[in-house]
1. Express in nm, to one decimal, how much length is gained between ASN212 and ARG225 on full extension, taking 0.36 nm for each residue of separation and deducting their alpha carbon distance.
2. Would you mind classifying the chain by shape? Square roots of the alpha carbon gyration tensor eigenvalues, ordered a ≥ b ≥ c; an a/c under 1.5 is rounded, otherwise it is prolate if a/b is larger than b/c and oblate if not.
3. Could you check what % of the DSSP bridge pairs in the chain are antiparallel, to the nearest 5?
4. Among residues other than VAL115 whose Cβ falls under 9 Å from its Cβ, what is the net charge (Lys/Arg +1, Asp/Glu -1)?
5. Out of the trypsin sites (Lys or Arg not before Pro) in region 178-241, which ones are loop residues according to DSSP with at most 13 other C-beta atoms within 10 Å?
6. For a quick check: with amide H placed at 1.01 Å from N, whose amide H comes under 5 Å from PHE60's, ignoring anything fewer than 5 positions away on the same chain?
7. Please arrange ARG269, ARG133 by counting, for each residue, the other beta carbons lying within 10 Å of its beta carbon, fewest first.
8. Quick check: residue separation of GLN141 and ARG249 times 0.36 nm, minus the Cα distance between them. What number comes out in nm?
Amino acid sequence: MNPFDMEKIDNAWCPGCGNFAINKALKEALSELGIPRTQIVMVSGIGQAAKMPQYVNTSFFNGLHGRGLPVATGIKMSNPGLTVIAEGGDGDMYGEGGNHFMHTIRRNPDIAHFVHNNMVYGLTKGQASPTSRVGFKTPVQINGVTSEPFNPISVALALDAPFIARAYSADIPMLKEIMKQAILFKGYALVDILHPCVSFNKVNTYQWFKENTYVLDSSHDSTDRAKAFEIAMSDGKLALGVIFKQDGRTTLTDTIPAYRDNLAPLYERKLDRKRLGELILSKAD
C-alpha cells in the first residue's frame, strides 16, 4: 500500500474530475521520492482543489480562501527541514490569493506550489475564475466572460520565479515527474496543472485540452527566460513541461541568520542564556 493513501475516504469530488488524477500523481510522486510522510506538510485554502490535503496521508493545514501561500511560507520558516506543498485551485491561488502569489514569488521560500487550473470556480458552482477564457458563459457571466484570462506563467516569469512548469492532469506520468522536480527544487516552484471540471466547465473538456496543448520537446532550453516568455505569451496551444528553471537562487531561508549554519527549528535548540543576556544588555545600551 502506498504510505500516502488514505484507507477510508469520503471523497467530495464529482466522478470524472481531474482532481482524482492529480491526487494519484501526487501520492505516487511522494512515494517515489521516499520522503517520510511525517516530514511533509500540505497547505491549502478553500475550494475543490483545496480539499487535496484531506485525501493524502500527510500533515496538513486548511486555511482561509486564498491564504494558503503565507501559511505555507510560515511553516517552512518555522521548520526549514519540512517539505512544504501549497495546493489549491485557480480561483483560490490566482484570484483571492493573487496578492500572496506575487509576494511569495518575491520572497522565494523553498516550497512547491501546485495549482489546479480548470478555468472555473467548481466549489461555488460555476462562475468564471481568473483563468476563464473570453466568451465563456456561466450562470453569472450570462453574456460570456469579457476580461482577458490571468496568465500565471507570464506573471511568474515577470516576477523572476525560479521554477515554472505547466502540466495536464490526464498525463499522470508527466505530471508526477514534474511534481517530483518541483518538490526537490530549492526555492519557490510553481506547477500550473490544467484539468477539466466535468460539471461546470463544458467548454474546456478533456478533448479540448488534448487538442489545445503540446509537450515541450527535449530541445527546449528551460534556462532561456526570453524563450520562456515567448512560450508563455503565445496565443496558440498551451505548452506542457518545465518552461523555466534557474538553480542557485537565494531562498527566504537563506536570508535568515539563525538558519545560515543550522537548519534545526528554533524550538529544538538549547537556549544559550548567557548569550541571550548579552543580547538583552546590548539592546538596553
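1. Taking 0.36 nm per residue and subtracting the Cα distance, the gain is 2.4 nm.
2. Prolate shape, in that a/c is at least 1.5 and a/b is the bigger ratio.
3. 10
4. Details: positive: none; negative: GLU87, ASP90, ASP92, ASP192.
Here the charged neighbours net out to -4.
5. When the trypsin sites (Lys or Arg not before Pro) of region 178-241 are filtered for loop state and at most 13 Cβ neighbours within 10 Å, LYS237 remain.
6. MET42
7. ARG269, ARG133
8. 34.7 nm
Each reported figure results from applying straightforward, stated rules to the coordinates on display, with no laboratory input. Everything quoted here is computed from the prediction, not taken from an experiment. Note that each Cβ is placed from the backbone with ideal geometry, even for glycine, and that neighbours are counted across all protein chains shown.
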